[in-house]
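K.L.:
I'd like to ask some things about the structure below.
The values are calculated or read from the model by the stated rules, or taken from the named source; none is laboratory data. Computed from a predicted model, the values in this text were never measured in an experiment. No Cβ is skipped: glycine too gets one built from the backbone with ideal geometry, and neighbour counts run over all protein chains shown. Ligands, DNA and RNA are excluded from the accessible area calculation, which covers all protein heavy atoms including side chains. Shrake-Rupley method; radii C 1.70, N 1.55, O 1.52, S 1.80 Å.
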Amino acid sequence: MATEIEHKYLVNLDIWKNIIPDKSVEIRQAYLQTDPEKTIRIRTKDKSGFITIKGNTVGATRLEFEYEIPIADANELINKFCSNLIEKTRHIVTHDSNTWEVDEFKGLNNGLIVAEIELTDEDEKYSIPNWVNKNITDDLRYANSNLTIKPFMTW
């Protein structure tokens, strides 16, 4: 069974502007379903497409099933079946041998920058970079699926 364990944090913008990511990639994603118990997401990342099904989050853990699909199919699904597009730049940063994904949102979520770390165990220890602020793992407003319904700029 596939599980995702992740912690989310807000980013300190003043410190972040001096960080040079290891890599950056443009992401477009939209949702076929945004039910609190499950979400179905379509994503394009560079020249790849993905469909992802996620279950309800309990703590920092939830079921996640992700499969690569043709980019043309991903674009068509987004364009024909979704009206809730999120666009963001994902920056990859290594800190103390852990990979952090930092999402810099665009459009109606412009100004929001969120850092995530995926873990292999709920109790896994990790160090927090100095450019990371408040833990927002339990704040559902920051879930990407919720940002399509109530964008950051409307808060």
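K.L.:
Ignoring ligands, DNA and RNA, what percent of the 1.4 Å accessible area of the chain is carbon and sulfur?
P.N.:
51 percent
K.L.:
For segment 16-116, run through the trypsin sites (Lys or Arg not before Pro) and keep only the ones in DSSP coil with at most 10 other Cβ atoms within 10 Å of their Cβ.
P.N.:
LYS17, LYS47
K.L.:
Now for a separate question. Return the loop-located trypsin sites (Lys or Arg not before Pro) in segment 111-155 (DSSP other than H, G, I, E, B) with at most 12 other Cβ atoms within 10 Å of their own Cβ; answer none if there are none.
P.N.:
LYS125
K.L.:
Could I ask something else about it? Out of all Cα-Cα pairs in the chain, roughly what percent, to the nearest whole number, are more than 29 Å apart?
P.N.:
Tail of the P(r) past 29 Å holds 13 percent of the pairs.
K.L.:
Sticking with this structure for a sec: So what does GLU68 come to for accessible area, using a 1.4 Å probe and Å² rounded to 10?
P.N.:
The accessible area comes out at roughly 130 Å².
K.L.:
Can you tell me which of THR120, THR39, THR137 moves the most in a GNM of the chain? Springs connect C-alpha atoms under 10 Å apart.
P.N.:
THR120
K.L.:
How many Å² of accessible area per residue for segment 1-134, probe 1.4 Å?
P.N.:
Accessible surface, normalised per residue, equals 56 Å².
K.L.:
Now for a different question. Cα axis of helix 71-81 to longest principal axis of the chain: angle in degrees, 0 to 90, nearest 10?
P.N.:
The two axes meet at around 70 degrees.
K.L.:
Let a ≥ b ≥ c be the square roots of the eigenvalues of the Cα gyration tensor of segment 32-102; is it rounded (a/c under 1.5), or, if not, prolate (a/b larger than b/c) or oblate?
P.N.:
oblate
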